[in-house]
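Inspection log for the structure reproduced underneath, given as structure tokens.
The values are calculated or read from the model by the stated rules, or taken from the named source; none is laboratory data. Remember, it's a predicted structure, so these values are computed and weren't measured experimentally. Cβ atoms come from the backbone with ideal geometry, glycine included; neighbour counts cover every protein chain shown.
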Amino acid sequence: MELITPVWAAYGIVALAALLVASGIAAQFHRRKGVAFWLSTAILLVLAALAAYEFAVSADFVLFGLLHVYAFSMFFAVLFALGLELVNILSYGHSSHFIEISTLLGFAAVGILVVPMAYSLLTIIIAIELTTVPSALMIAIGGKRDLEPAVKLLLLSSIAIAVLAFAVSLVFPYDMQLGLTAIAANPSIGGSYIVFLSMVLFIAALAVEAALFPFNLWVPDVYEGAPGNVTALVAGINKKVAMVALIEILFTVFIVSRPAFMAGIAVLSVLTMFFGNLAAMAQTNVKRMFAYSSISQAGYIMVGVAAATQYGLESSAFQIAAHMFMIIGAFAIVLWLEERNIKSVEDYKGLAMRNGFAGIALTIIMLSMAGIPPLMGFMGKFLLFSSAISAGLLTLAFIGILNSFLSIYYYGRLIAAIYDRRYERKLILDRSVKAVVIAVLVVIVVFGIYPAPLMAITITVAHSLLGL
Amino acid sequence: MFPYLFAMLGVLLAGTLASLPFGKRISRGIAVAATLAVLVMAALMLAIALGSGSSFYESLPYIGVFGVSFSLQAGMVQLALVTMASIVAFAAVIGGNVESENAKASNALVMLFELAAIGLFSSANFFLFYVFWDIGVIAGFFMIYSLGGAMRRVAANAYLVYSIFASAMLLLGILLIYFYTPVHTFSISGIGAAAGSIPIALQELIFLSMFIAFIVKMPVFPLHSWMPNAYAEASTQGSMLLSGVLSKFGAYGMLLLFSMLPIASKVSEYAFALAAISAFYAAFAAMHQSDIKRMIGYTSMLEGSIILAGISALNYFGTYGSAYLMLAHGLAVALLFLAAGSIQKLFGSTDMRALRGIVKNAGSTAYTFLLGVLSSTGMPLTATFIADVLIFIGTISAFGVLGIVPLLSIILMGAYMYYAVRRSFLSTATFTQSRWHVGVPQNVAYAILIASIFLFGIMPMLLLQLVKI
């Protein structure tokens, strides 16, 4: 008899997610930072290991009729668990309210992990709500300024949730089903205008969460107003969760209307890339610059969704992973410098002289974001643009490449500032930022130079979602 | 057979990483050792190729999904360029930036850049070509930005914007080729065999995007405007490598592009016309310069245009003449920039209006510079002469009498350069006081470059006999 079976491992994942919440609540009572941190670290790592095991044995079953355990969900479970761990480390070292953050992170983690596993539309809505509300609270607790960013995020995401609920209610009457595959199996789903409207509403609502233009107005204020560790969470993980939800819904429920959503997503993607890059050029505040750059990155990821092929999905999954690590690493350094009141591009001058490691690390992360080989961001963009060309979307690929070029303007400006000669007192990097940044660098360099394993994994992911 | 190309890349990567944690002296030692090892390996490869006439091919599995392998190959053209890059890098490590405060960073950058250059010249597929291209671009950016002169910020930013634009165009072209050849391949030889089946309209698009990418790097009019500042503001090592080696990235790519796409035969006349315009533009622009480094920059642009002219002839002489000019010009321009760097140190200025009688203070530098000028204007016995002869045989047989037109620009250029040399270098009546002296390292570096210029000028059969006619 085997020691561990896929089904038991799946129960284990659910139990660990519950334990994460429980330990977060317990932290409110024992109030020991160290205990809360190590406990959640252990839980997240074991959870990632279990999910990786499920992926390795290519499990495919539905738990409780609610949670779909298959390669797609398990890939993102591993990815997001690792991302959450990085945010956890960052919060431990840098938040004065770590206990509260830990509690809220536990709740948010459940939402984040459930979205890719969701087997019904209702689960997706609830999980997304569970992701955003704790994030808004984290911003409210840790924010240096007023409540404005938290309220902005909360209001816009509640509108998004309402729209989502409406979109669900439009498709529900067709066969009184909420299951993703059950709806997709219904023959009357194609060609109906009501269903089409529902799809548009889904895209719009999730575009708010994923910060696609023109639904991205909350992003810069929230990113700037939130403390850096929460910004890393929102930019690195929450946004990716919304993209995963969008991919799930489009490719299971609405797969029959593929030409329509291809066009729609392509338009959103182009607008998002241009808006993000052009707005980022105008920023002097580094945090805002990264906020806009992450908007443009969302546009790149959507190129793969617009291609709507297996190859496109692979590349989107690859770039989701790449950007999650890159942006968490970038915001880790930004957070650390912000505490020393270094905020604008002007303030960053001479960073390489004040702390060589941070200078080189931020440079590598930005080069990766700009898509310079041999780094992970390059592989991601390479896959995305080639997927667009292979799907026949030449113009989209061209615009993507053009935008990739535009982005070098603001990344280059900041890199130039970092290597300016200015002698000032040295800055010491603390342990938590160093740990996060080293982890991120290892990932983006290793998968940049040798992307083959991750590409093989994303192929399995795309296969499992498309049911091939 | 011993994997020379992989060994070169390995040595350079190890050298780059190893030189980072150490101080100035040790990092310099590492850089000298690594670049010397690479030079020796390049010489061995040349010897093997001469002996057996074989070319080199080394391969490792890389990204199976795309059918991309980590394959390096070297025939005659590649071998010439690899040799040139290793000579220039070795001379740059020995003679450039010796006393600079940032010597540690600059040694690491030279090795990184040489890694990119050798990887690019020997890459057997366009995926690796693009990867090494961008590594070279970024290394070049830091050579300008963090080690350069007073106006380095403007220069580096312009350089970066142009270069990344070129990279984007190159990427577009590569992706288009990959998806529109029926066999879906990045392999350079595979594309050459399959490119005929790409529709004409698409071939035009591919050609245009890659042509733009390569003329930015060569540089050729009208996408050259990053060049004067970048060459003038980079560190001495930076100028040597940017003008000697980085410009060959574009030239080598252009050679591949013309030999790869069948549509090249339809556009070759336009390319030749552009090359002629660019050559005269460069010659006239050079006459406006009073700064030595900028003047050298424009000569480099002129030679780039001549290379383009040779490539556009699309025949044996033009193509191999261009490849030979890449080698010859790389050596000559590196020599000129090395001498100019010494002049900057000697007199604190490179303004020809102020400099007089350099030969009095620094004889070796003055004569070296003169030799560099002679070499870039194609004096017999220098490698450039061989290249120019081949190129103009090629262009005349392709375009008739018009083929000789770009040669006039070399004459124009030469006239101005001799004038400048006579005024600033050789006049002994009045002279500027020096504040530094040229040491042994500089003289050794001069000697290495001069020796190789004459070696490949007197014995062109070292490389040309490898070509099958």
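Restricting the first member to the range B:243-271 and to residues that are closer than 19 Å to B:Val82 by Cα, and the second to residues that are among the charged types (D, E, K, R), the beta-carbon pairs closer than 8 Å and six or more apart or on different chains are B:Val245/B:Glu114; B:Leu246/B:Lys217; B:Ser247/B:Lys217; B:Phe249/B:Lys217; B:Gly250/B:Lys217; B:Ala251/B:Lys217; B:Gly253/B:Lys217.
Does B:Tyr62 count as over 17 Å from B:Ala116 (Cα atoms), modelled with pLDDT under 90, surrounded by 17 or more Cβ atoms within 10 Å (Cβ to Cβ) and of a type in the set (Ser, Thr, Tyr)?
Considered against the rule, which asks whether it is over 17 Å from B:Ala116 (Cα atoms), modelled with pLDDT under 90, surrounded by 17 or more Cβ atoms within 10 Å (Cβ to Cβ) and of a type in the set (Ser, Thr, Tyr), B:Tyr62 comes out as yes.
Considering the range B:196-227, the residues that are among the small types (Gly, Ala, Ser) and surrounded by 19 or more Cβ atoms within 10 Å (Cβ to Cβ) include one that is farthest from the other protein chains (Cβ to nearest Cβ), namely B:Ala213.
Within the range B:197-254, how many residues turn out to be acidic (Asp, Glu) and within 18 Å of the chain's Cα centre (by Cα)? Talk me through it step by step, then tell me what you get.
Residues of the range B:197-254 acidic (Asp, Glu): B:204, B:233.
Filter once more, keeping what is within 18 Å of the chain's Cα centre (by Cα): B:233.
Qualifying residue count, the range B:197-254: 1.
The number of residues in the range B:148-166 that are crowded, with 23+ Cβ neighbours inside 10 Å, at the interface with chain A (Cβ under 10 Å from one of its Cβ atoms) and either more than 17 Å from the chain's Cα centre (by Cα) or of a type in the set (Lys, Arg) (or both) comes to 4.
Select from the range B:108-118 the residues that are among the small types (Gly, Ala, Ser) and touching a residue at least 40 places away in the same chain (Cβ under 8 Å) and write down the one among them that is nearest to the other protein chains (Cβ to nearest Cβ). I'd like the intermediate steps shown before the answer.
Applying the first criterion (among the small types (Gly, Ala, Ser)) to the range B:108-118 yields B:108, B:116-117.
Checking which are touching a residue at least 40 places away in the same chain (Cβ under 8 Å) leaves us with B:108, B:117.
Details: B:Ala108: 11, B:Ala117: 15 Å.
Restricting to residues being among the small types (Gly, Ala, Ser) and touching a residue at least 40 places away in the same chain (Cβ under 8 Å), the top hit is B:Ala108.
Per the conditions (1) surrounded by 22 or more Cβ atoms within 10 Å (Cβ to Cβ); (2) touching a residue at least 40 places away in the same chain (Cβ under 8 Å), the sole criterion not satisfied by A:Ile408 is (2). Tallying residues that are of a type in the set (Ser, Thr, Tyr) and either more than 9 Å from chain B (Cβ to nearest Cβ) or in contact with a Phe, Trp or Tyr (Cβ under 6 Å, 6 or more places away or on another chain) (or both) within the range A:364-386 yields 1. Every condition in (1) buried (at least 19 other Cβ atoms within 10 Å of the Cβ); (2) part of a helix (DSSP H, G or I) is met by B:Ser397 except one, and the failing one is (1). Only one of the listed residues (A:Met324, A:Met353) is away from chain B (no Cβ under 14 Å), in a helix (DSSP H, G or I) and either in contact (Cβ under 8 Å) with a residue 24 or more places away in the chain or within 20 Å of A:Arg288 (Cβ to Cβ) (or both). That residue is A:Met324. Which number in (1) hydrophobic (A, V, I, L, M, F, W, C); (2) more than 8 Å from chain B (Cβ to nearest Cβ); (3) under 30 Å from A:Ala71 (Cα atoms); (4) more than 20 Å from the chain's Cα centre (by Cα) marks the one condition that A:Ile444 misses? The single condition A:Ile444 does not satisfy is (4). Could you tell me whether A:Leu396 is more than 10 Å from chain B (Cβ to nearest Cβ), buried (at least 21 other Cβ atoms within 10 Å of the Cβ), aliphatic (A, V, I, L, M) and not in a loop (DSSP other than H, G, I, E, B)? Taking the combined requirement at face value, the residue satisfies it. Number of residues in the range A:72-124 that are without any contact (Cβ under 8 Å) to a residue 60 or more places away in the chain and among the polar types (S, T, N, Q): the value is 4. Scanning the range B:281-298 finds no residues that are in contact (Cβ under 8 Å) with a residue 60 or more places away in the chain and under 25 Å from B:Leu79 (Cα atoms).
Scan the range A:25-37 and give yes if some residue there is within 26 Å of A:Met243 (Cβ to Cβ), of a type outside the set (D, E, K, R) and in contact with a helix residue (DSSP H, G or I) (Cβ under 7 Å, 6 or more places away or on another chain), otherwise no. Before you say what the answer is, go through the steps one by one.
Within the range A:25-37, the first condition is being within 26 Å of A:Met243 (Cβ to Cβ), and the residues that meet it are none.
The answer is no; no qualifying residue exists.
Only one entry in B:Ile174, B:Ile188 is under 18 Å from B:Pro262 (Cα atoms), away from chain A (no Cβ under 11 Å) and either without any contact (Cβ under 8 Å) to a residue 60 or more places away in the chain or not charged (D, E, K, R) (or both), namely B:Ile188.
Residue check: is A:Leu50 within 27 Å of A:Gly179 (Cβ to Cβ), touching a Gly at 6+ places or on another chain (Cβ under 6 Å), part of a helix (DSSP H, G or I) and without any contact (Cβ under 8 Å) to a residue 60 or more places away in the chain? Spelling it out, A:Leu50 is indeed within 27 Å of A:Gly179 (Cβ to Cβ), touching a Gly at 6+ places or on another chain (Cβ under 6 Å), part of a helix (DSSP H, G or I) and without any contact (Cβ under 8 Å) to a residue 60 or more places away in the chain.
Looking only at residues that are outside any helix (DSSP H, G or I) and in contact with a helix residue (DSSP H, G or I) (Cβ under 6 Å, 6 or more places away or on another chain) in the range B:204-234, which one is farthest from B:Ala117 (Cα to Cα)?
Of the range B:204-234, the ones outside any helix (DSSP H, G or I) are B:218-226, B:234.
Keeping just the survivors that are in contact with a helix residue (DSSP H, G or I) (Cβ under 6 Å, 6 or more places away or on another chain) gives B:218-221, B:223-224, B:226, B:234.
Numbers: B:Met218: 14, B:Pro219: 17, B:Val220: 20, B:Phe221: 23, B:Leu223: 22, B:His224: 21, B:Trp226: 20, B:Ala234: 18 Å.
So the residue we want is B:Phe221.
Does B:Gln237 satisfy being assigned to a helix (DSSP H, G or I) and over 25 Å from A:Ala388 (Cβ atoms)?
yes
Residues of the range B:337-369 that are within 20 Å of the chain's Cα centre (by Cα) and within 12 Å of B:Phe425 (Cβ to Cβ): B:Ala339, B:Ala340, B:Thr368, B:Phe369.
Here B:Ala139 clears all of (1) part of a helix (DSSP H, G or I); (2) at the interface with chain A (Cβ under 10 Å from one of its Cβ atoms) except the condition numbered (2).
When you scan the range A:111-129, do you find a residue that is in a helix (DSSP H, G or I), more than 15 Å from the chain's Cα centre (by Cα) and closer than 22 Å to A:Ile25 by Cβ, even just one? Full working, then the answer.
Step one: list which residues in the range A:111-129 are in a helix (DSSP H, G or I), which gives A:111-117, A:121-129.
Among the residues that remain, those that are also more than 15 Å from the chain's Cα centre (by Cα) are: A:117, A:121-126, A:129.
Those left that are additionally closer than 22 Å to A:Ile25 by Cβ: A:126, A:129.
The answer is yes; a qualifying residue exists.
Being buried (at least 24 other Cβ atoms within 10 Å of the Cβ), more than 8 Å from every other protein chain (Cβ to nearest Cβ), hydrophobic (A, V, I, L, M, F, W, C) and more than 30 Å from B:Gly23 (Cα to Cα): is that true of B:Phe121 here? Let's see the steps before the verdict.
On the way: buried (at least 24 other Cβ atoms within 10 Å of the Cβ): yes; more than 8 Å from every other protein chain (Cβ to nearest Cβ): yes; hydrophobic (A, V, I, L, M, F, W, C): yes; more than 30 Å from B:Gly23 (Cα to Cα): yes.
Yes: the conditions hold for B:Phe121.
Reported count of residues in the range A:413-424, each being touching a residue at least 12 places away in the same chain (Cβ under 8 Å) and at the interface with another protein chain (Cβ under 10 Å from one of its Cβ atoms), is 7.
Restricting attention to the range B:416-435, does a residue exist that is part of a helix (DSSP H, G or I), within 23 Å of B:Ile94 (Cα to Cα), touching a helix residue (DSSP H, G or I) at 6+ places or on another chain (Cβ under 6 Å) and touching a residue at least 40 places away in the same chain (Cβ under 8 Å)? Before you say what the answer is, go through the steps one by one.
From the range B:416-435, those part of a helix (DSSP H, G or I) are B:416-426; that's our starting set.
When the remaining residues are screened for being within 23 Å of B:Ile94 (Cα to Cα), the result is none.
Within the range B:416-435, not a single residue is part of a helix (DSSP H, G or I), within 23 Å of B:Ile94 (Cα to Cα), touching a helix residue (DSSP H, G or I) at 6+ places or on another chain (Cβ under 6 Å) and touching a residue at least 40 places away in the same chain (Cβ under 8 Å).
Condition first: more than 26 Å from A:Ile389 (Cβ to Cβ) and assigned to a helix (DSSP H, G or I). Can you find one or more residues in the range A:263-283 that meet it? Looking through the range A:263-283, at least one residue is more than 26 Å from A:Ile389 (Cβ to Cβ) and assigned to a helix (DSSP H, G or I).
Of the residues making up the range A:449-458, those that are assigned to a helix (DSSP H, G or I) and either more than 19 Å from the chain's Cα centre (by Cα) or surrounded by fewer than 16 Cβ atoms within 10 Å (Cβ to Cβ) (or both) number 4.
Using the structure shown, decide if B:Ala201 is over 27 Å from B:Gly372 (Cβ atoms) and in a helix (DSSP H, G or I). Judged against the criteria, B:Ala201 is a match.
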